[in-house]
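The values are calculated or read from the model by the stated rules, or taken from the named source; none is laboratory data. Values in this document were obtained by computation on a predicted structure and should not be read as measured data. Quick reminder, even Gly has a Cβ in these numbers, built from the backbone with ideal geometry, and neighbours come from all protein chains shown. Remember, those area values only see protein heavy atoms, side chains included, never the ligands or the DNA or RNA. Shrake-Rupley method; radii C 1.70, N 1.55, O 1.52, S 1.80 Å.
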Amino acid sequence: MGWPDPVALEGPHARLAPLAREHHDGLCEATRDGELWRLWYTAVPSPESMVREIERRLGLQAAGSMLPFTVFDAVGRIVGMTTYMNIDAVHRRVEIGSTWYGASTQRTALNTQCKRLLLGHAFDALGCIAVEFRTHRLNTQSRRAIERLGAQLDGILRSHQVSPNGTLRDTAVYSITGAEWPAVKAHLDWQLARPRPTPSAI
């Protein structure tokens, strides 16, 4: 196998399993939660395109440039997808990206848990030098979430990609380095351990 090898990762709020074709139906249900494919500034598969998206990610895994995961919540329900992508085994760098979650699980501990699992495996098990995050410059929700992790903005790649709707995407590039990881890890562990308001208290 290549670097990194497929692996399952689990914490109190989420479980990441290597993407498999049998996850198709659960992923279709998850993407219907909020109809996320309608957002113009991000690329989320629709139920009709899910087979193609699964095959795309598995093809990139076979080529050694992606390690895709299916995201499960604490009760075992499929709620989204995430990946290590743009894998650079020589320089020990990965990007955490191609991530989406159903609307009902957004802004919960699940995203923090997933990033803690992926970052911990990248730095502590794989020995990564740095981990990147990339998002549309105008995707403010995603950018704030990345910044809450403790990632630093490296810069903006202007007119970086052509979006599905034909507009040009400016890409905001963030990263966490190996030297920064101990402080980021402590921060994420604190976020996951702190009490959270119950729905009735909101």
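Go through segment 142-168 and give me each residue that's of a type outside the set (Val, Ile, Thr) and either assigned to a loop (DSSP other than H, G, I, E, B) or open to solvent by less than 60 Å² (accessible area, probe 1.4 Å) (or both). If you could, list the steps in order and put the result at the bottom.
From segment 142-168, those of a type outside the set (Val, Ile, Thr) are 142-145, 147-155, 157-161, 163-166, 168; that's our starting set.
If the condition is that a residue be of a type outside the set (Val, Ile, Thr) and either assigned to a loop (DSSP other than H, G, I, E, B) or open to solvent by less than 60 Å² (accessible area, probe 1.4 Å) (or both), then 142, 143, 145, 149, 150, 151, 155, 163, 164, 165, 166 are the ones that fit.
Restricting attention to segment 70-99, the residues that are modelled with pLDDT of 95 or more, under 17 Å from residue 32 (Cα atoms) and open to solvent by 10 Å² or more (accessible area, probe 1.4 Å) add up to 4.
Taking the options 186, 172, name whichever one is in a strand (DSSP E or B), at pLDDT 95 or above, under 29 Å from residue 127 (Cβ atoms) and open to solvent by less than 80 Å² (accessible area, probe 1.4 Å).
Details: 186 fails: in a strand (DSSP E or B).
Within the list 186, 172, the selection yields 172.
Filtered by the rule that a residue be open to solvent by less than 20 Å² (accessible area, probe 1.4 Å), more than 17 Å from residue 60 (Cα to Cα) and among the aliphatic types (A, V, I, L, M), segment 10-40 gives 14, 16, 27, 30, 36. In summary, residue 133 fulfils each of the numbered conditions (1) open to solvent by less than 20 Å² (accessible area, probe 1.4 Å); (2) touching a residue at least 40 places away in the same chain (Cβ under 8 Å); (3) over 11 Å from the mean Cα position of the chain (by Cα) with the single exception of condition (3).
Take the residues in segment 100-130 that are β-branched (Val, Ile, Thr) and farther than 15 Å from residue 187 by Cβ, then tell me which one is most open to solvent (accessible area, probe 1.4 Å). The extreme case among them is 129.
Sub-6 Å Cβ pairs linking a first residue in segment 136-154 that is closer than 18 Å to residue 190 by Cα to a second residue that is of a type outside the set (A, V, I, L, M, F, W, C) and assigned to a strand (DSSP E or B), at least 6 apart or interchain, are 146/174; 151/174, ordered by first then second residue.
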